[in-house]
1. Which whole-number percent of Cα pairs in the stretch 1-112 have a distance greater than 22 Å?
2. Give me the base-10 log of I(q)/I(0) for the stretch 35-84 at each q in 0.13 Å⁻¹, Debye formula, one uniform scatterer per Cα, rounded to two decimals.
3. Counting helices only, and only those DSSP H runs with n ≥ 4, report the 222 nm mean residue ellipticity of the chain as the sum of -39,500 (n - 2.57) divided by its residues, in deg cm²/dmol to the nearest 500.
4. Going by alpha carbons, how many degrees (0 to 90, nearest 10) lie between the helix axis of 282-291 and the longest principal axis of the chain?
5. Please compute, over every Cα-Cα pair in the chain, the percentage with a separation greater than 40 angstrom.
6. Using Cα pairs closer than 8 Å and at least 6 residues apart in sequence, work out the relative contact order for the stretch 229-431, in percent.
7. In whole angstrom, note down how far apart the Cα centers of the stretch 166-198 and the stretch 437-484 are.
8. Please give the Cα centre distance for the stretch 360-389 versus the stretch 14-87, rounded to the nearest Å.
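Here, each number is a calculation from the coordinates, and none is a lab measurement. Computed from a prediction, not measured in an experiment: that's the story for all the values here. Please note: Cβ atoms are built from the backbone with ideal geometry, for glycine as well, and neighbour counts cover all protein chains shown.
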Ligand code: ATP
């Protein structure tokens, strides 16, 4: 298959802001792809070579890419850099210089997808001495044989700036149409994706073996399962009513969510975003090896930092000491952890994700050997609001954030990748504040003035709407930032700066700067109001109005453990708005 087919599809996808058209173009390209290559094409369209949890990035520094372009186009690096200052995009500059070159030469063998993929794979995997030169010559070789448009996309891919805006959900829609037999099969494909986190594998399987095979799809140790998430309510009575009069209420620990995969003595730990964080928790690995009494298992736990002297639980922030490459051994000593286990999703050949929670909980109790550092989350079974309220108050007294109330009904499966009413969180915050904190995505900014001249003054924040797969603006925030934040946040955002509003961002505001929806921060607001300016939940509560968060403040928490799609959703904000009204009325 020629790489030009892909580059042409990219051109078309880039020219549209409509998700439906984007899906149509994807369907076309997927149908054209030989089945043996489907996985690779899926990864490439998202600017990757492997699913995220592999942790392999193509990652070529821009400087090196400039050198490769200069070599392939027969120009000086300085010329390329100067032009890039003007275009702001090395891809566009590459295309321009390659066009100049093709006027005088013919290109040789046409590029195939295989060759592009394999070359990028080799560059991604080459390390050690001499690897820079090798990367340079491999990339320059590829570019020399590429057409100007192909070269543009290759350069964007290797520098991590192929920003076509093709979300996972768009790929799933396209797969359903191309190979599933129609849109209605998207649900089965989505489940397969939710329990494997590998779009390429799902794509290849449905293309090769059809939708019936996808229906049989099961979890596999080594492949992370997308996490199940909770809805929220603010009274014991409402919670019990929603859960059918009975629930298991557990401590809601404030640490880092960890999904542990055990295969004999091998253990992999995944974060909430499904990054491989095994290296950050050598102690966690050891606990799983020794105290999960199964040959193979997938379990979930909250890792909580504990005071080595007193054994008291410490707040989430303490775990940030683990987010580093070196000095883990010291961090382990100074900030030891306890694992509070709350899920068993797979045990010795059995996929438990479709079993009701009481069954999964039984398995969990059976396979966990309790120690000081490994525990099953403390819980009660509650059948009336009084006992639930008492338990809630006890947990809050203990310094916990609150409780997680879990359905025990027959249908209480593990809803991978979904936020639903089978889990309901009841947090301390709801009692004293009108709104809980929310996690929002930074999508734009205004330049600052006065003390903030030269940096950004206020940021435009958005909530995620999973139905439309867009980010809807909900507030502008300029307070709560320390001097250190004012330095750190622009740095975090700069690599996501784009010249126009992102196709998945829904906003009527004119911003000075736009960003790809990537960075998530935690905000506390005073209340939620209706607003004609913000697009979040537009027309849902009232025609012509969306909802907005008033008097927002940055809490200081960067939600690096969340991707943009994990941000607070439009639906959650609508519920928070309605809950707030109920409280005022009542
Ligand atoms: P969310 O994960 O729901 O998007 P969040 O990261 O802001 O939101 P919360 O809403 O406060 O976190 O709570 C959910 C998180 O609570 C889970 O992702 C998990 O990390 C943690 N947690 C602590 N104790 C438990 C428990 N017993 N069962 C399930 N999750 C728990």
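1. Every Cα pair in the stretch 1-112 considered, those over 22 Å come to 49 percent.
2. So the normalised log intensities are -0.49.
3. Result for the chain, helices only: -11500 deg cm²/dmol.
4. Helix 282-291 sits roughly 50 degrees off the main axis of the chain.
5. Here the tail beyond 40 Å accounts for 30 percent of pairs.
6. Relative contact order here is 33 percent.
7. Between the Cα centre of the stretch 166-198 and that of the stretch 437-484, the gap is 32 Å.
8. Their Cα centres are 47 Å away from one another.
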